[in-house]
């Protein structure tokens, strides 16, 4: 149940698989992303006229600019030799993105490609398969939304409108390889740039670019079987979006074959348009059958195929696959309960596998998509492990044995960004302070200490050239600065990637605090801009509370919507309870088998401590709201603690986790037959009869992550229990809310709900 902004940034991106990939951090910084519990970002029309000034106009402006994130550079890539920085950018009120290049020598930028140029002015048409894939990525932009670069940086591949385009950077020429028509998914270049792969109608195809002749690799797809794409839980929960891998020398290709036989199918209908056929996606609910995943290796010269062999009964999940030069194909497989995992080296010519690392954890094992990261000569690889009680970066030999831990104890390691093999430095994201993230250079060898590349309170990230001659440093700070500075290896500033984003008309009145007590919970407060210290204000608690996402972060831009709510006569508070990321293993895994009791207690304690510290908070009039896990938490908070929370808004809430997907739920709650009490305790239906305070439920009818049935079941149980509640269905919307008008109306409706039920400052 990754939050929408994180999924977008990770796949951009990160989320429930536990991935700490620093690209996600960098993109979040660049986008000025709001905390996870904020409502999902909304696409906007390609252009609109500026809005007038005033409070209500702020909400419209916020909706039309995606929280003032449109117009900022995203998907930033430094070319291998550091001569240029590639990035996508839209206009400040447009979701249509174009591809740009920043010259690191001259400091000048230019537009390389536009969707209009590539499509000849025609509108982009998305297939149902591509829409589903983008939903998994929380990607709702249009135009050029992704691109890939050949290893030498000479060619760029752009998928757009069901076609594939190749751009030659040296000649500024675009070609479109002639391929058969059909639904194109995940086109990519091999490392050499000599081979292109893609999936069409669930079959895997390749094209040696020298010959220009397409070649079909698989022929086994049908209604239940696909080739070359990852299954639902791999995309939604593991952040693994790839389903095929071309060898570094272009001689072999490994692909995923997925058999959905036995996997339950759920129905998504459009009640607004009953004339349209319903969709019936495969969805593996808790305790039921998952898709069966197998991998095959094909020799592209002889067409000989070998099945890759591992203990699929014990380790059915394929979590990560890596294939780099001078190193074996390497794959991470997990047990169904995610308490055991094996890192395997694969002989792609025979299909045999060799165990490199086996790890166990009585709670669960997080997936780190940045590793294994093999060195170019294959002499060793980097690995991330939490076996010491906290995440740490390690050097491992080709056989998997530990050479040394690279990051020190208490470092607050978050993720691997890049490795400068010549300088023997790993660049990582880390911070001992949970609300911040910084970029560090950590030596691979003993004898020197980590060096911080960033300072100040904020969230920082980076993107490096392969030769590390240039880099982009991202910052989103507590003083409101959002930047993407281009630097040389010595830190000399070359320039900055230009942002076209509109400037917010307000500065959030934002304060962060560390609360007393054994857990030192981080909390935040947003007061009205016209705050009157002689008054007591009703309180809104904006919450997520679940795994993989924080709400209290050292960036100012993410507080804009909270400020809008505060300016309507509230003080908005947030807290990160135990079970959220940014701390050590014990903190995160304390919620194993029950992820509501301790988080709810922590949130109540945080609210109490904030009320004691700040007398302007009238905690006797507190409302709670959130989205996704935050929506689930809000429903639980109103039902279980009506003495604390006087009303609540539950957006896209899970109701019964028996109806949620296998990989997410079973990681935290285990298998249902082994933890029936935990499932009961975490089920909203258990407490619907206890509702005593006003509750609003909001849900998109086409949600294929948290299905609409969750809110329907909750509404049904509340109705049958004789409880009063409000139910706001969003017809045709998924887990995201992709319409600025609806977004504006939704936030206004929520604010009005809280005004009615909590009153004015006194």
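The values are calculated or read from the model by the stated rules, or taken from the named source; none is laboratory data. Remember, predicted model here, so these are calculated numbers, not experimental data. Cβ atoms come from the backbone with ideal geometry, glycine included; neighbour counts cover every protein chain shown.
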Next item on the list: Taking the options 159, 187, name whichever one is part of a strand (DSSP E or B), under 21 Å from residue 297 (Cβ atoms), modelled with pLDDT of 90 or more and within 25 Å of the chain's Cα centre (by Cα).
Entry: 187
Next item on the list: Determine whether residue 409 is surrounded by fewer than 14 Cβ atoms within 10 Å (Cβ to Cβ), touching a strand residue (DSSP E or B) at 6+ places or on another chain (Cβ under 6 Å) and more than 20 Å from residue 82 (Cβ to Cβ).
Entry: no
Checklist line | Checklist (1) in contact with a helix residue (DSSP H, G or I) (Cβ under 8 Å, 6 or more places away or on another chain); (2) within 26 Å of residue 403 (Cα to Cα) applied to residue 355, failing item | finding: (1)
Next item on the list: For region 622-637, state whether one or more residues are farther than 28 Å from residue 734 by Cα, at pLDDT 95 or above and surrounded by fewer than 24 Cβ atoms within 10 Å (Cβ to Cβ).
Entry: no
Next item on the list: Would you mind finding the one in 254, 263 that is within 15 Å of residue 661 (Cα to Cα), buried (at least 20 other Cβ atoms within 10 Å of the Cβ) and at pLDDT 95 or above?
Entry: 263
Notebook entry, point to check: When region 654-679 is examined, which residues are found to be over 15 Å from residue 317 (Cα atoms) and within 21 Å of the chain's Cα centre (by Cα)?
Noted result: 654, 657, 660, 668
Margin query: I'd like the full set of residues that are in contact with a strand residue (DSSP E or B) (Cβ under 9 Å, 6 or more places away or on another chain) and under 22 Å from residue 725 (Cα atoms), limited to region 662-700.
Written below: 684, 693, 694, 695, 696, 697, 698, 699, 700
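Return yes when residue 429 is surrounded by 16 or more Cβ atoms within 10 Å (Cβ to Cβ), part of a strand (DSSP E or B), in contact with a helix residue (DSSP H, G or I) (Cβ under 6 Å, 6 or more places away or on another chain) and at pLDDT 95 or above and no when it is not.
yes
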Note to self: Is it the case, given these coordinates, that residue 324 is on the phi < 0 side of the Ramachandran plot and either outside any loop (DSSP other than H, G, I, E, B) or exposed (fewer than 15 other Cβ atoms within 10 Å of the Cβ) (or both)?
What the structure shows: no
Next item on the list: Using the structure shown, decide if residue 527 is more than 24 Å from the chain's Cα centre (by Cα) and more than 21 Å from residue 650 (Cα to Cα).
Entry: yes
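This table checks each residue for (1) at pLDDT below 95; (2) within 21 Å of the chain's Cα centre (by Cα); (3) part of a loop (DSSP other than H, G, I, E, B); (4) under 24 Å from residue 497 (Cα atoms).
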{"residue": "111", "(1), (2), (3), (4)": "no, no, no, yes"}
{"residue": "125", "(1), (2), (3), (4)": "yes, no, yes, no"}
{"residue": "134", "(1), (2), (3), (4)": "yes, yes, no, no"}
{"residue": "140", "(1), (2), (3), (4)": "yes, yes, yes, yes"}
{"residue": "146", "(1), (2), (3), (4)": "yes, yes, yes, yes"}
Next item on the list: Identify all residues within region 171-184 that are surrounded by fewer than 12 Cβ atoms within 10 Å (Cβ to Cβ) and either in contact with a helix residue (DSSP H, G or I) (Cβ under 6 Å, 6 or more places away or on another chain) or in a loop (DSSP other than H, G, I, E, B) (or both); write none if there are none.
Entry: 171, 172, 178, 180, 181
Checklist line | Of all residues making up region 374-426, the number that are under 11 Å from residue 442 (Cβ atoms) and touching a helix residue (DSSP H, G or I) at 6+ places or on another chain (Cβ under 6 Å) | finding: 1
Item checked: Members of region 278-313 that are outside any strand (DSSP E or B) and closer than 17 Å to residue 708 by Cβ -> 278, 280, 281, 283
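Determine whether region 466-475 contains at least one residue that is within 26 Å of residue 64 (Cβ to Cβ), buried (at least 16 other Cβ atoms within 10 Å of the Cβ) and in contact with a helix residue (DSSP H, G or I) (Cβ under 9 Å, 6 or more places away or on another chain).
yes
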Next item on the list: Answer yes or no: is there a residue in region 271-279 that is under 24 Å from residue 204 (Cα atoms) and in contact with a helix residue (DSSP H, G or I) (Cβ under 8 Å, 6 or more places away or on another chain).
Entry: yes
